[in-house]
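S.K.: Have a look at this one.
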Amino acid sequence: MIIVTDALNRDRHTDIIDEMYRLRTRVFQDRLGWDVKVTDGREFDAFDALDPVYIIALDDDGHVVGCMRLLQTTGPHMLSDVFHEILDGEPPLRSAQVWEATRFCVDTERLARAGRARNSISYVTSEVMIAAFEYGRASGILDAVAVIDPVMNRVMIRSGNAPYDYLGTAKPMGKVTAMAALMDCSEERVARLRDFSDIRHDVLTPENIVRAAFESARKPTTHDHLPEALRTYLEEQIAAAGSADEQTAAKALAATIAARYAKEDGQKSQSVH
Amino acid sequence: MMDLIDLSKIPDADDRFVRFLDDLCQTLEFDHASYATLNPVLGTVQGFANYRPDWIEHYTRKGLHRIDPTLHYGRKSISPVDWDRLERTPHFRSVFDDAPQFGVSDRGMTVPVRGPYGDFGLLSVTRDCKQQEWESLKKKVMGNLQVAAVHMHDNVMQSDLAMATLHRPALSGRECEILQWVAEGKSQQDIGDILSISHRTVEVHLRSGRSKLGALTTAQAVGRAVSLGLVKPG
């Protein structure tokens, strides 16, 4: 499931964004060895202060497992201000209809444990890309320039999502190299990505479902405090879910109700004291 | 306190920006359009609009630019903001409740533009129509609206003397090379073949070149590049 955050809704999702900063630390500092600034376990830089859009992927258990950051190329962005080395000293692109994608990553450790299917590396990579391209298309964007590493580049080529070109040349960056890939933000590319990953549903998930999944992951509480009939009902709903989407929705419902009851319990004990 | 300056009311101001907004409404099928930018040096909001004069008067007199969420939230977005996302912000109703009596629809959208020097601009458009019509209109014109917003913003910035001195279009070698071939009459396909790159790559550099030169068409971009000595006349 995917949530898109920007300056208008991020106040409601600071905890999810916080998890994303931690994921970025694990990927860009720990795994790729990029020279990034990490504060209290969170990787964020000056460009995060420019109100970017984040495309954030969560797995079915409500953990942040993938992300991407989007900025306009008409204003300050990484290729113009930080990664100009990649462009061999050439000025960057600037266009109303080109966005820059940076800090694109997935949680390979967690996803490798999950193995194949809905929580695999290639599924989440495709999910993030589909969301970014569809979101871009709705905003009138025609192309994206993405700063990526060769591993991500290979994953994309193998997922029906090969860049149509590159700007400048790949440059060493920490343990790996970084490159600037060009991708058309087109219906055809989205179709190829969807065919490859067999993702047919709307990847942008309603905010309340994402929030419920995220919050239930933070509170892996049992549902013991619920009245027995209600608990049985919720467990049956989860067991009877026909598809992964239904299961997510059933778990989200259980989490919401469990949280509601926990709050009421808290209030009751308060009124006793 | 920020002042609101109607740029079209400045004596001797040329009217090309208001005409641009009129043309935009005509071609993209909107009722009204406005453009605003914050001048970081003067601390003023400067703008143009083709709303009815009595709405502009009302808006200015009440100082609505100080609370208008289309300005204050719009500027923080990177993508166009449909005003339905702003309806629940504290001041949306106080700004727009009176709008219909001035012939201004509260169905609208704001396209934010970020410039290279931390400058920003906001192009807003409105249209009084049904939801379905609005959605299909958005889909149809979103790309053009993005281009128009950046074009308007860049031209307003460049019309300002202080900004003009800062503005030097930084074309990449590829962009110059492609514009040079265009000047010599080659098609995009030809240029792709000559440079052994895809026509899509030719196109992305052309779009970027046009944007940096503040041009809407490739012919205009070639003209400006020639006049700046970046490209030799074909």
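S.K.: How far is the Cα center of segment B:90-143 from the Cα center of segment A:137-196, in Å?
M.R.: 32
S.K.: Taking the Cα centre of chain B as origin, work out the dipole magnitude from +1 charges on Lys and Arg Cβ and -1 charges on Asp and Glu Cβ, in debye rounded to 20.
M.R.: Using Cβ point charges on Lys, Arg, Asp and Glu, chain B gives about 580 debye.
S.K.: Now for a different question. Over all residues in B:174-183, what is the mean tally of Cβ atoms on other chains that come within 10 Å of each residue's Cβ?
M.R.: Details: counts 6, 4, 0, 0, 0, 0, 0, 0, 0, 0.
Mean shielding by partner chains, rounded to a whole number: 1.
S.K.: Okay, helix-only estimate at 222 nm for chain A: each DSSP H run of n ≥ 4 adds -39500 (n - 2.57), divide by all residues, round to 500 deg cm²/dmol; what do you get?
M.R.: About -13000 deg cm²/dmol.
S.K.: Round to a whole angstrom and tell me the spacing of the C-alpha centers of segment A:16-43 and segment B:183-208.
M.R.: 39
S.K.: Could you work out the relative contact order of chain B, using alpha carbon pairs under 8 angstrom and six or more residues apart, expressed as a whole percent? Write out the running numbers ahead of the final one.
M.R.: Numbers: 309 pairs, mean separation 34.8, N = 234.
Across chain B, relative contact order equals 15 percent.
S.K.: When A:E85, A:E134 are ordered from fewest to most other Cβ atoms inside 10 Å of their Cβ, what list results? Intermediate values should be presented prior to the final figure.
M.R.: Working: A:E85 14, A:E134 21.
Lowest count first: A:E85, A:E134.
S.K.: Mean separation of Cα pairs under 8 Å and 6+ residues apart, divided by the residue count of segment A:34-156: what relative contact order is that in percent?
M.R.: For segment A:34-156, the relative contact order is 24 percent.
S.K.: Please work out how many pairs of lysine residues in chain B are eight or more positions apart (or on different chains) and have Cα atoms closer than 30 angstrom.
M.R.: Qualifying lysine pairs in chain B: 20.
S.K.: Also, I was wondering about something else. Report the label-to-label distance for B:D190 and B:D15 in nanometres (one decimal), using points 7 Å from each Cα along the Cα→Cβ vector.
M.R.: So the label points at B:D190 and B:D15 sit 4.2 nm apart.
S.K.: Additional query: Sorting A:D40, B:D23 on the 10 Å Cβ count, fewest up front, what's the list? Mind dumping the intermediate values first?
M.R.: Details: A:D40 8, B:D23 13.
Ordered by Cβ neighbours within 10 Å, fewest first: A:D40, B:D23.
S.K.: Distance from a point 7 Å along Cα→Cβ of A:R12 to each backbone N in segment B:56-97: keep the residues under 16 Å and list them by number.
M.R.: B:82-90
S.K.: Roughly what would the spin-label model give for A:Y233 and A:R113, points 7 Å off Cα along C-beta, in nm?
M.R.: Simple spin-label model gives 3.4 nm for this pair.
S.K.: Moving to a separate point now. What ranking do A:C105, B:C176 get, fewest neighbouring Cβ atoms within 10 angstrom at the top?
M.R.: Placing the least packed residue first, the sequence is B:C176, A:C105.
S.K.: How large is ³J(HN,Hα) for each residue in segment A:91-98, as worked out from phi by the Karplus curve 6.51 cos²θ - 1.76 cosθ + 1.60 (θ = phi - 60°), to whole Hz, x for Gly and Pro?
M.R.: Values, residue by residue: x, x, 5, 9, 7, 4, 10, 10 Hz.
S.K.: Let me ask you something else. Share of Cα-Cα pairs in chain A beyond 31 Å, in percent?
M.R.: Tail of the P(r) past 31 Å holds 30 percent of the pairs.
S.K.: Mean 1/r over all different Cα pairs, inverted: what Kirkwood radius does chain B give, in Å?
M.R.: 19.2
S.K.: For labels at B:N144 and A:R218 in the simple 7 Å Cα→Cβ model, what's the distance in nm?
M.R.: For B:N144 paired with A:R218, the spin-label model returns 4.5 nm.
S.K.: Taking the radius of gyration and the Kirkwood hydrodynamic radius from Cα positions alone, what is the Rg/Rh ratio for the protein assembly as shown, to two decimal places?
M.R.: 1.00
S.K.: I need the phi-derived Karplus couplings for segment B:129-136: 6.51 cos²θ - 1.76 cosθ + 1.60, θ = phi - 60°, integer Hz, Gly and Pro marked x.
M.R.: Calculated HN-Hα couplings, in order: 7, 6, 3, 4, 4, 4, 4, 6 Hz.
S.K.: Taking only Cα atoms, what is the 0 to 90° angle, nearest 10, from helix A:121-138's long axis to the longest principal axis of chain A?
M.R.: The helix A:121-138 is inclined about 70 degrees to chain A.
S.K.: Another question, then. Based on DSSP H runs of at least 4 residues, each adding -39500 (n - 2.57), what is the mean residue ellipticity at 222 nm of chain B after dividing by all its residues, to the nearest 500 deg cm²/dmol?
M.R.: Computed mean residue ellipticity for chain B: -14000 deg cm²/dmol.
S.K.: Output the 0 to 90 degree angle, nearest 10, between the alpha-carbon long axis of helix B:199-212 and the longest principal axis computed from the alpha carbons of chain B.
M.R.: Around 60 degrees separate the two axes.
S.K.: Right, another one. Can you tell me the mean projection area, over all orientations, of the convex hull of segment A:130-172's alpha carbons? Units nm², please.
M.R.: 3.5
Every number here is computed from the coordinates shown, using simple stated rules; none is lab data. From a predicted model like this one, the values you see are computed outputs, not experimental measurements. Using ideal geometry, Cβ is built from the backbone for each residue, glycine included, and neighbour counts are taken over all protein chains shown.
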